[in-house]
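> My questions all concern the structure below.
Taken together, the values in this text are just the output of simple stated rules run on the coordinates, not laboratory data. These figures come from a predicted structure and were not determined experimentally. Every residue, glycine as well, gets a Cβ built from its backbone with ideal geometry; the counts of neighbours run over all protein chains shown.
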Amino acid sequence: EHFTLNFTITNLMFTRDLETPNSAKFRSTERIMRHYIDPLLQRSSIGPYFSGCKVTGFRSGRHRDDTGVDAVCSYQDSASLARFDREQVYQELSTMTEGVTKLGHYSLDQNSLYVNG
């Protein structure tokens, strides 16, 4: 099963090479995002079923230094996971990112986190 995860980083300047999936900048930034996102989801309620996220794109944010991040995350559907509760996962991610403000050394737009099951 898959769900999408979207958020905006306010201290990562968007550059055109972030739009190109095979560019070095895209690949290295995707690796960094996975380094931060995957452990959070592994500690969430879907942790035992979580299998990873893939950044599908970066986009220009509202301000010059903003970069939007779009990711598709996967988990194994299991009888022990009653159902994917996107609101619960959102709340857990919100708490783990200090109210949607921090992701590692990145700052987040507080109103930018979306979890869509």
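> Can you compute the modelled spin-label distance between Asp65 and Asn116, with each label point 7 Å from Cα toward Cβ, in nm?
If labels sit at Asp65 and Asn116, their model points lie 2.9 nm apart.
> Among Ser45, Leu103, Val55, whose Cα projects farthest towards the positive end of the dipole of segment 9-117, with charges put on the beta-carbon of Lys, Arg (+1) and Asp, Glu (-1)?
The Cα lying farthest towards the positive end belongs to Val55.
> Roughly speaking, what is the stretch gain from Glu19 to Gln76, that is 0.36 nm per residue apart minus the C-alpha to C-alpha distance, in nm to one decimal?
Result for the pair: 17.6 nm of gain on full extension.
> By how many nm would the segment from Ser107 to Asp85 lengthen if fully extended, with 0.36 nm per residue of separation less the alpha-carbon distance?
Computed gain between Ser107 and Asp85 is 5.4 nm.
> Let me ask something additional. Rounding to the nearest 10 and keeping the result within 0 to 90°, find how far the Cα-based axis of helix 24-42 lies from the longest principal axis of the chain.
Rounded to the nearest ten degrees, it is 30.
> Ok, one more. Take the Cα pairs of segment 19-117, get the Kirkwood Rh, then feed it into Stokes-Einstein at 20 °C and 1.002 mPa s and tell me D in µm²/s.
After rounding, the answer is 149 µm²/s.
> Using Cα pairs under 8 angstrom and six or more residues apart, how large is the relative contact order of the chain, in percent?
Normalised by residue count, the contact order of the chain is 40 percent.
> Add -39500 (n - 2.57) for each DSSP H run of 4 or more in the chain, then divide by its residues: what number comes out at 222 nm, to the nearest 500 deg cm²/dmol?
So the calculated ellipticity at 222 nm is -8500 deg cm²/dmol.
> Along the charge dipole of segment 2-116, Cβ charges K/R +1 and D/E -1, which of Ser112, Phe3, Pro21 sits furthest on the positive end?
Checking the options against the dipole of segment 2-116, the answer is Pro21.
> Is there a quick way to get the dipole size of segment 2-116? I mean about its Cα centre, with the Cβ of Lys and Arg at +1 and of Asp and Glu at -1; what is the value in debye to the nearest 20?
Roughly 280 debye, rounded to the nearest 20.
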